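S.K.: My questions all concern the structure below.
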Amino acid sequence: LPPRHMDSVVQIIEALESTNHSFTGTVPELARALGGCSTPGCRAVLGEPPDVPPAPPMLSHEQWLLFTQLLHHDVAAPQHSVVLAPDGSTVALGPLLAGIEVGLKRATGWPVPTVELPVDALYAVTIAEALGTSFLLARDGDDNRTTLGPGGCWDDVDDPQNYTLLGSPSPIPDAIANGAMDGVLLGAHLARAPIPLANLLRGYYGTGNGTEKGRPPSSYRRQDFGVLTGPEKLEKEVAAMLRVLRVLPPTRELLEDVGPEEVMAIARQAARDFTEVYVECPAIIPRCMWGARPYRGTPKLLTLPLGSVYIHHTFIPSAPCRTFTACGHAMRAMQRFHQDTRGWDDIGYSFVVGSDGYLYQGRGWHWVGAHTKGYNSKGYGVGYVGDFSATLPDPDIIALVRDRLLPCAVQTGRLHHNYTLRGHRQMGHTDCPGNSLFHEIQTWHGFK
């Protein structure tokens, strides 16, 4: 089959949208016919799906097979309906195309959803039903039930075919969260200014250019979704969707013994947790996605929470990496240098900061690093890719650590609230993290 990459999806949609063929209906309606919006709430809002049409003549057999597989949502195996985007994130097509359908309908004057209760259709079909259901099922206090996540990894980022989750699936693994946020953002955009879907997706995900043109808009999805959707709005829409599910025959039993106050409590918890995990905390590219070699030996575990953070720059590579491809290459090069030349067990940093808008997992939250000699077990080492002796990282890449990673680490119990932040040069004989970046971090919370 074609690679499970957003490029493949855009090519399929472009063929379906071409005017010299006999395909009728819209691409999102076709997606719904194939099962992309098969949940009770989604069907209640958008109506029953159309019948599955015969294979469109403008698609190859392999393209049609791929599109069919990507829209068949299997609750037990959500990893089968996802694609890899050029920015390194993984996206579920179901909520993405459902949000897009709502946007297109609104642009043509579609009045209200088919359900009688007041819901915002854009949130209902993307995130509210899945989020409400996830936290509703977890309300019995079963600590083993996952409500959000996990992420996962592809077998090959150049020819992605198989995506493996890194833990037990919840109703909202990372790919569903990404697809839902993108569905809200693109649906809202289309409602204001409808354009051909292939053009919209190509611009948003940066497909067809190998991401060499720099950051695509999709890499800003968390910030943009957070600006558009505060926790109060999300809570309101989850609660509204739970009230809809209460009257739908397939889900009525789930809410039989759930009173109005408990509905609000579930919605509040769901909105708060989703906002923390997917809006306030930054996305971190796992080791398996950037192609890490195995750790040599046995990692030593950190004792959390830690009390310190040490800021570095890599110096070499000296240029910031601005794409998933370039940052993955930089990570592999650093790991080779640290393991083969320095003789360390692994890449030394806890986290590495790309100028593509993503953090990359080095030793991560739990393993002792090799970043700040004499202090590796006392704090996290965070390294910016590039030489920042005379220049600074972009403002939003500074904010990625200052305003997102560090508050997230405190909020999730990995870092003391009164942590100390220092530059590498304060702990040893080095110019790291460069004069410009060192001057900058002196203005950050916790600097000492």
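The values are calculated or read from the model by the stated rules, or taken from the named source; none is laboratory data. Keep in mind that what you see is a predicted model, and the values were worked out from it rather than measured. Please note: Cβ atoms are built from the backbone with ideal geometry, for glycine as well, and neighbour counts cover all protein chains shown. We work out accessible area using only protein heavy atoms, side chains counted, and drop any ligands, DNA or RNA first. Shrake-Rupley method; radii C 1.70, N 1.55, O 1.52, S 1.80 Å.
S.K.: Can you confirm whether segment 404-415 contains a residue that is free of Cβ contacts under 8 Å to residues at least 60 places away in the same chain, open to solvent by 50 Å² or more (accessible area, probe 1.4 Å) and in contact with a helix residue (DSSP H, G or I) (Cβ under 9 Å, 6 or more places away or on another chain)?
M.R.: So far as segment 404-415 goes, no, none of its residues is free of Cβ contacts under 8 Å to residues at least 60 places away in the same chain, open to solvent by 50 Å² or more (accessible area, probe 1.4 Å) and in contact with a helix residue (DSSP H, G or I) (Cβ under 9 Å, 6 or more places away or on another chain).
S.K.: Whether any residue in segment 242-265 is closer than 28 Å to L392 by Cβ and either touching a strand residue (DSSP E or B) at 6+ places or on another chain (Cβ under 8 Å) or not β-branched (V, I, T) (or both) is what I want to check.
M.R.: Checked segment 242-265: no residue is closer than 28 Å to L392 by Cβ and either touching a strand residue (DSSP E or B) at 6+ places or on another chain (Cβ under 8 Å) or not β-branched (V, I, T) (or both).
S.K.: Here is a further query. Is at least one residue of segment 227-240 hydrophobic (A, V, I, L, M, F, W, C) and over 30 Å from L400 (Cα atoms)?
M.R.: yes
S.K.: Of all residues in segment 327-343, how many are buried (at least 19 other Cβ atoms within 10 Å of the Cβ) and either within 15 Å of G381 (Cα to Cα) or among the hydrophobic types (A, V, I, L, M, F, W, C) (or both)?
M.R.: Counting residues in segment 327-343 that are buried (at least 19 other Cβ atoms within 10 Å of the Cβ) and either within 15 Å of G381 (Cα to Cα) or among the hydrophobic types (A, V, I, L, M, F, W, C) (or both) gives 6.
S.K.: Of all helices (runs of 4 or more DSSP H) completely enclosed by segment 22-92, which ones contain at least 2 residues that are open to solvent by 40 Å² or more (accessible area, probe 1.4 Å) and in contact (Cβ under 8 Å) with a residue 60 or more places away in the chain? I'd like the intermediate steps shown before the answer.
M.R.: On the way: elements: 27-33, 40-46, 61-71.
Once the helices (runs of 4 or more DSSP H) in segment 22-92 are filtered for at least 2 residues that are open to solvent by 40 Å² or more (accessible area, probe 1.4 Å) and in contact (Cβ under 8 Å) with a residue 60 or more places away in the chain, what remains is 61-71.
S.K.: Look through segment 281-316, keep the residues that are of a type in the set (V, I, T) and assigned to a strand (DSSP E or B), and return whichever of them is farthest from A85 (Cα to Cα). Break it down into steps so the answer makes sense when it comes.
M.R.: Residues of segment 281-316 of a type in the set (V, I, T): 284-285, 298, 303, 309, 311, 314, 316.
If we keep only those that are assigned to a strand (DSSP E or B) as well, we get 284-285, 309, 311.
Details: I284: 15, I285: 13, V309: 31, I311: 30 Å.
So, considering only residues that are of a type in the set (V, I, T) and assigned to a strand (DSSP E or B), the one farthest from A85 (Cα to Cα) is V309.
S.K.: Something else now. Among (1) open to solvent by less than 30 Å² (accessible area, probe 1.4 Å); (2) in the same structural domain as P407 (by the TED database); (3) over 25 Å from G423 (Cα atoms), there is one condition R293 misses while meeting the rest; what is its number?
M.R.: (1)
S.K.: Every residue in segment 133-184 that is of a type in the set (A, V, I, L, M) and either open to solvent by 40 Å² or more (accessible area, probe 1.4 Å) or not in a helix (DSSP H, G or I) (or both), please.
M.R.: If the condition is that a residue be of a type in the set (A, V, I, L, M) and either open to solvent by 40 Å² or more (accessible area, probe 1.4 Å) or not in a helix (DSSP H, G or I) (or both), then L137, A138, L148, V157, L165, L166, I172 are the ones that fit.
S.K.: As an exercise: evaluate V258 against (1) out of contact with any Gly (no Cβ under 7 Å at 6 or more places or on another chain); (2) open to solvent by 20 Å² or more (accessible area, probe 1.4 Å) and give the number of the one condition it does not meet.
M.R.: (2)
S.K.: Could you list all residues from segment 244-255 that are surrounded by fewer than 18 Cβ atoms within 10 Å (Cβ to Cβ) and assigned to a helix (DSSP H, G or I)?
M.R.: R246, V247, R252, E253, L254, listed by residue number.
S.K.: Another one. Within segment 416-445, work out how many residues are within 23 Å of L302 (Cβ to Cβ), under 28 Å from the mean Cα position of the chain (by Cα) and open to solvent by less than 30 Å² (accessible area, probe 1.4 Å).
M.R.: 4
S.K.: Further, regarding this structure: Enumerate the pairs (first residue in segment 197-214 and aliphatic (A, V, I, L, M); second residue anywhere and modelled with pLDDT of 75 or more and surrounded by fewer than 13 Cβ atoms within 10 Å (Cβ to Cβ)) with beta-carbon separation below 6 Å, excluding pairs fewer than 6 apart on the same chain, so at least 6 apart or on different chains.
M.R.: Going by the 6 Å Cβ cut-off, there are no qualifying pairs.
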